[in-house]
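The structure under discussion appears below in the form of structure tokens.
Readers should treat all values here as calculations from the given coordinates under stated rules, not as data from a laboratory. As the structure is a computational prediction, the values presented were derived from the model and not from experiment.
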Amino acid sequence: MEHRFYFIAGDALSNGITGMAIAQLTTSIVDHTWHMATAMLTGMGVGMGFSMILMPVFVGLFGAMEVMLPVMLTAMMAGMVFAMMDTMLELSIFEVLLGGALVGILVLLLTYVADALLRRKSL
């Protein structure tokens, strides 16, 4: 993973935007009548599909390998989490956007931790 500020800020920005967009998209598709498992699978599929549309913008700015894994994981997690939450709770737009950004940042942090652990073992 890249350690220069431009790329770290770009990773945070791309994951935050992806998390917000996917969370909003899945909550607009899923409603309270859906079964939670169906909503989760739908959210995962929507997240994966829509992240493929967002990814070329981020890849061109911040590099392919550093962006693809965290953005795809963010999209899947935000899609699944917010699709399931939408079957149980009535969320405001602020909660959805803030939660989506937080999911994106959390996934990015976990990705950096996993990369650091893997690099330490390989040395």
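Tabulated data for the structure shown
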{"read-out": "3J(HN,Hα) from dihedral phi, the range 45-55, Karplus parametrisation 6.51/-1.76/1.60, rounded to Hz, x for glycine, proline", "value": "x, 5, x, 5, x, 6, 5, 5, 7, 6, 4"}
{"read-out": "Choice from LEU98, LEU110, LEU41 showing the highest fluctuation, given a GNM over the chain with Cα pairs closer than 10 Å", "value": "LEU110"}
{"read-out": "Contact order normalised by residue count of the chain, Cα under 8 Å, 6+ apart, percent", "value": "42 percent"}
{"read-out": "Vicinal HN-Hα couplings computed from phi for the range 88-101 (Karplus, 6.51 cos²θ - 1.76 cosθ + 1.60; Hz; Gly/Pro x)", "value": "10, 10, 9, 9, 7, 5, 5, 5, 5, 5, 5, x, x, 5"}
{"read-out": "Among ALA23, ALA64, ALA101: highest mean-square fluctuation, GNM of the chain, C-alpha pairs under 10 Å", "value": "ALA64"}
{"read-out": "Candidates GLY79, GLY49, GLY16: whichever shows maximal mean-square fluctuation once the chain is modelled as a Gaussian network with Cα springs under 10 Å", "value": "GLY49"}
{"read-out": "Phi-based couplings in Hz for the range 4-14 (Karplus 6.51, -1.76, 1.60; Gly and Pro marked x)", "value": "7, 4, 4, 6, 5, 5, x, 4, 5, 5, 5"}
{"read-out": "Long-range amide H partners of GLY63 with built H, under 5 Å", "value": "none"}
{"read-out": "Solvent-free Debye scattering, log10 I(q)/I(0), computed from the Cα coordinates of the range 5-116 at q = 0.18, 0.20 Å⁻¹", "value": "-0.77, -0.92"}
